[in-house]
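What follows is a set of notes on a single structure, which appears directly below.
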Amino acid sequence: VKVLCISASNNFKEGIKETSSFIICKRIVDEIKKKTPQADCHVLELKDYTLNPCTNCVKCLNSSRCVIDDMFNEIYEKILDCDALFIVSPHYAPIPAKLCMIMEKMESIWFHPWLKDNSYRPEIVGIPTGVISHGGIGKEGGLREYERVVNYPIANWLFTIPKSHEDTRQLKLIEFDDDWKYGINVPPVLDFEEWSKLQASIFGSYVDKVIQSCNSTI
Ligand SMILES: Cc1cc2nc3c(=O)[nH]c(=O)nc-3n(C[C@H](O)[C@H](O)[C@H](O)COP(=O)(O)O)c2cc1C
């Protein structure tokens, strides 16, 4: 099983050695390794990439890649190559700009060819994807706030298309349960007591669920 964890952080604040999103990605990998030691897990940090926004040039209609952004293409290849994906995003009012750029471009890559010919299907459809948000202060009620501003836009990007066109989606959102349909949130990573409570319940189960969905599709 190949797992890609995308850390959406772009945090270069002085003194920060590891971003919170990166730490959460490492914990995802730890969870996976407990049950699936042979899993091939890779953490990709968007802060290592320089990306450009989509300009609506529509050249991806023929190339299925972005003609102005090699670094995006590098990330896109890694996404296409994985069996399961995790997107870990901090609250950045609302989500980090680099994550938006990836969302814009992946949308364009399938949407333009599909608009021209509705029978078009992307190279890969339905990679199981877990969405995990977090922020600087959120606890309890705050977690619902992160769901609204961080999980919703990411999750809706993954599935607002009409049901009849679901098989054109490159990524498939994995919900946690009926209460947490758009992925989960975690408290600030430095709050270890909160974290360990959550890890025991929600976090570990959600990571498992994403990996299990991937086992059932390959
Ligand atoms: C532009 C921007 C806006 C932010 N807005 C909020 C916010 O509204 N609420 C909050 O709890 N944290 C907010 N934060 C703080 C980050 O979510 C928090 O520091 C987080 O731990 C950063 O994670 P990272 O190290 O993975 O980038 C904001 C950070 C940035 C850069």
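In table form, for the structure just shown:
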{"item": "Those trypsin sites (Lys or Arg not before Pro) in the stretch 1-86 that DSSP places in a loop and that have at most 11 other beta carbons within 10 Å", "result": "Lys13, Lys17"}
{"item": "Helical contribution to [θ] at 222 nm, DSSP H n ≥ 4, -39,500 (n - 2.57), averaged over the chain, rounded to 500", "result": "-12000 deg cm²/dmol"}
{"item": "Charge dipole magnitude, Cβ of K and R +1, D and E -1 - the stretch 57-139, Cα centre, debye nearest 20", "result": "260"}
{"item": "Cα principal axis extents for the stretch 103-196, largest first, Å", "result": "52, 25, 19"}
{"item": "Cross-link table Lys33/Lys105; Lys47/Lys209; Lys47/Lys163; Lys35/Lys181; Lys59/Lys172; Lys26/Lys105, entries beyond 29 Å C-alpha to C-alpha", "result": "Lys33/Lys105; Lys47/Lys163"}
{"item": "Rg over Rh [alpha-carbon atoms, Kirkwood Rh] for the stretch 1-121", "result": "1.02"}
{"item": "Share of Cα-Cα pairs in the chain lying beyond 29 Å, as whole percent", "result": "22"}
{"item": "Mean-position separation - Cα centroids, the stretch 78-125 and the stretch 165-218, in angstrom", "result": "18"}
{"item": "Where GluC sites (Glu not before Pro) fall in DSSP loop in the stretch 10-107, at most 11 other Cβ within 10 Å", "result": "Glu14"}
{"item": "Share of Cα-Cα pairs in the stretch 88-137 lying beyond 15 Å, as whole percent", "result": "60"}
{"item": "Partnerless Cys - the chain, beta-carbon criterion under 4.7 Å", "result": "Cys41, Cys54, Cys57, Cys60, Cys66, Cys82, Cys100, Cys214"}
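None of the figures in this text is laboratory data; all of them are computed from the coordinates on show. These numbers were taken from a predicted model, which means no experiment stands behind them. Note: ideal-geometry Cβ built from the backbone for every residue, glycine included; neighbour counts use all protein chains shown.
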